[in-house]
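Each value in this text was obtained by applying a stated rule to the coordinates, not by laboratory testing. Just so it is clear, the structure is predicted and the values come from calculations on it, not from any experiment. All Cβ positions, glycine included, derive from the backbone under ideal geometry; neighbour counts span all protein chains shown.
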Amino acid sequence: MSDSSYIFDATMENFQQKVMEASAQTPILIDVWADWCAPCKQLMPILEKLANDYKGGFLLAKVNADQQPELTASLGVRSLPTVILVKNGQAVDGFNGALPESEIRKVLEKHVEAPAEDPYDTAHRLWQAGDLQGAMDLLSELNRQDPENMKVLIDLAQLKAETGDVDAAEQVLESLPPEEKMQHQARQLAARVKFLKQAGQLPPMSELEQTLAAEPDNAEALHQLALHHVLKGNNAQAMELLIRLMQVDSQYRDGIAKTTLVELFDKLGNSDPDVRVYRRKLYTLMH
């Protein structure tokens, strides 16, 4: 049983009041499931997430088919999982099987008012879509409303760095409390600023690629091309070049290949699949 106020267990005893009557005020999504049903276990976390995302736009009623056989039969359930959407005491929609979240949202959108998007999430959606100015405007307003919110401040600095204002991003970094500088988001920003400052001194990628075609072990070209790939978001290519540089000359510029790899690991975070692959490669190379 979830501790969410938007989710409850439906039984034969409470079904009339908590589902049929309550659906006159709030749509109720009924999930009929069982412990032995693998698709049910895939679906349930998605439904619970959506119930919390919608913040009361609908309620999720969970019916355990094994514990509530009479209720399950009365609902006409023939396979599990079965999901039924009830409004005003009537079944208005539903589906069988484990659908992806995007498809379930399409079902809900026909009957349930979508929740208002959090402005911070909106800013990140705009950022990912390439609308950097729109994202910056939103984050600037959030920062004005709550100047102590370090997450918003660092995101704003990241955006400034991406739009070329590296000095402003660096000023934010310098202004952070010491404990905040140790947090993952701040370390990501520090790595980004460092890479951007180095990028201003790099030859064009095409020139570096030509150099490496003629001299595959050219340490400087390997390092500079890796930095280009970092800034383009080609992280696997960058890390591969840095591993090559360590194989060619691990002491080049005081071991900058290893230093840059570690900074890149910090920037991306331990959950990134490329980080896991190349952290193992670095460990193997060093041992």
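Values computed for the structure shown
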quantity: Isotropically averaged projected area of region 18-58, using the convex hull of Cα atoms (one quarter of hull area), nm²; calculated: 3.1
quantity: Inter-part distance where region 138-209 and region 47-123 are each reduced to a Cα centre, Å; calculated: 41
quantity: Nearest-0.05 FRET efficiency for ALA34 and TYR120, computed from C-beta distance (R0 41 Å); calculated: 0.60
quantity: Sites matching chymotrypsin sites (Phe, Trp or Tyr not before Pro) across region 34-65 that sit in DSSP coil, with at most 10 neighbouring C-beta atoms within 10 Å; calculated: TRP36
quantity: Under 28 Å from the Cα of LYS106 - lysines, other chains or at least 8 residues apart; calculated: LYS18, LYS41, LYS49, LYS55, LYS62, LYS87
quantity: VAL248/ALA129 FRET efficiency (R0 45 Å; Cβ-Cβ; nearest 0.05); calculated: 0.70
quantity: C-alpha long axis of helix 166-175 to longest principal axis of the chain, angle in °; calculated: 70
quantity: Gain upon complete extension [GLU180, HIS111; 0.36 nm per residue less C-alpha separation]; calculated: 20.5 nm
quantity: THR11 versus GLN237: modelled label distance in nm, points set 7 Å from Cα along the beta carbon direction; calculated: 6.1
quantity: Given the chain, longest segment not containing exposed loop GluC sites (Glu not before Pro) (DSSP; at most 14 other Cβ within 10 Å); calculated: 149-287
quantity: Proximal charge balance of ALA161 [Cβ under 9 Å; K/R count +1, D/E count -1]; calculated: -1
quantity: Formal net charge of residues neighbouring ASP217 (Cβ-Cβ distance under 9 Å; K, R +1; D, E -1); calculated: -1
quantity: Of [x] 192; [y] 122; [z] 153, the label for volume of the Cα convex hull per residue in Å³ derived from the coordinates; calculated: [x]
quantity: Coil-residue trypsin sites (Lys or Arg not before Pro) of region 1-110, DSSP, other Cβ within 10 Å capped at 12; calculated: LYS55, ARG78, LYS110
quantity: Degrees separating the helix 38-53 axis from the principal Cα axis of the chain, which is the longest one; calculated: 80
quantity: Stretch gain in nm, segment TYR283-GLN198, where the contour uses 0.36 nm per residue and the Cα spacing is subtracted; calculated: 28.0 nm
quantity: 0 to 90° range, to nearest 10: angle between helix 235-249 axis and the chain longest Cα axis; calculated: 30
quantity: Geometric extent, Cα atoms of region 7-109 - Rg, Dmax (angstrom); calculated: 12.3, 33
quantity: Distance from region 272-287 to region 14-39 (C-alpha centre basis), Å; calculated: 47
